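Contents: one structure, followed by commentary.
The values are calculated or read from the model by the stated rules, or taken from the named source; none is laboratory data. Here the structure is a predicted model, which is why all the values come from computation and not from measurement. With ideal geometry, Cβ positions are generated from the backbone for all residues, glycine too; neighbour counts draw on all protein chains shown. We work out accessible area using only protein heavy atoms, side chains counted, and drop any ligands, DNA or RNA first. Shrake-Rupley method; radii C 1.70, N 1.55, O 1.52, S 1.80 Å.
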Amino acid sequence: LLGPNGAGKSTTLKLLLGLIHPTSGRISILEPRHSPPPGAIGSLIEGPSYYPSLTGRENLAMMASYLGLERSRVECALDAVRMHGQENMQVRRCSMGMKRRLGLAMALLTDPPLMLLDEPTNGLDPDTAAEIRQLIVSLARQRGMTVVVSSHALSEIEQMADTVGILCAGSLRYQGPLSGLDSDGVLEMVV
């Protein structure tokens, strides 16, 4: 989901999650005419909430308990984001990249078929951003999940997506393959 700042990317993701409600119309996702089952959508919108004095593992265990999940889901999530070795560090001592991995692990706890990630590499150094992008792509491929990533940077989306939706001023201006951006003159339309 690509678009300039203020285009409506974060708002769209929040609408899909039911965190905010549309002023008109209706949204359905995964389950036509019904709300998706609990845990069907993993998300990382803005910053994840965690207790800084607890370790990454403790934060995940608390969330798993709250969601009524097996304790083994914590290990699966830690494995998925390659966080072993740092999972017992207090979150306050973690780098921004490790905190982002923890946020992804939280989103993966329920093993959802769909993940919504709002600018997941924003604020990260180039090397860490590249690691997170690679992690997101491998999660989608290995688990067969759909991942929707928002960004204002085309170069970011090009490295992760094969299909793109472009938002501008709250309106979807293009939806289709990345290769269609050049041929349809879409980029000029939204810039």
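Contact map, the range 166-191: residues that are of a type outside the set (Ser, Thr, Tyr) paired with residues that are part of a helix (DSSP H, G or I) and modelled with pLDDT of 70 or more, Cβ distance under 7 Å, separation 6+ or inter-chain. Pairs shown: Leu167/Lys9; Leu167/Thr12; Leu178/Glu158; Leu187/Leu181.
Taken over the range 135-151, the criterion of being within 13 Å of the chain's Cα centre (by Cα) and surrounded by fewer than 19 Cβ atoms within 10 Å (Cβ to Cβ) is satisfied by Leu135, Val137, Ala140, Met145, Thr146.
Taken over the range 73-127, the criterion of being acidic (Asp, Glu), open to solvent by 70 Å² or more (accessible area, probe 1.4 Å) and either within 20 Å of Ile157 (Cα to Cα) or part of a loop (DSSP other than H, G, I, E, B) (or both) is satisfied by Asp111, Asp125, Asp127. Within the range 12-29, the only residue that satisfies the criterion of being open to solvent by 70 Å² or more (accessible area, probe 1.4 Å) and within 16 Å of the chain's Cα centre (by Cα) is Leu19.
Of everything in the range 41-61, what is modelled with pLDDT of 80 or more, surrounded by 15 or more Cβ atoms within 10 Å (Cβ to Cβ) and in a loop (DSSP other than H, G, I, E, B)? Give them in sequence order. Listed by number, the residues that qualify are Ile45, Tyr50, Leu54.
Can you name every residue in the range 96-128 that is small (Gly, Ala, Ser) and either touching a Phe, Trp or Tyr at 6+ places or on another chain (Cβ under 6 Å) or at pLDDT 90 or above (or both)? Walk me through how you get there before you give the answer.
Of the residues in the range 96-128, the ones small (Gly, Ala, Ser) are 97, 103, 105, 107, 123.
Of everything in the range 96-128, those that are small (Gly, Ala, Ser) and either touching a Phe, Trp or Tyr at 6+ places or on another chain (Cβ under 6 Å) or at pLDDT 90 or above (or both) turn out to be Gly103, Ala105, Ala107.
Figure legend. Inter-residue proximity from the range 84-111: first residues closer than 19 Å to Leu124 by Cα, second residues of a type in the set (S, T, N, Q) and open to solvent by 40 Å² or more (accessible area, probe 1.4 Å), beta-carbon distance below 8 Å, spacing 6+ or different chains. Indicated pairs: Val91/Ser53; Arg92/Ser53; Cys94/Gln86; Met98/Gln86; Ala107/Ser43.
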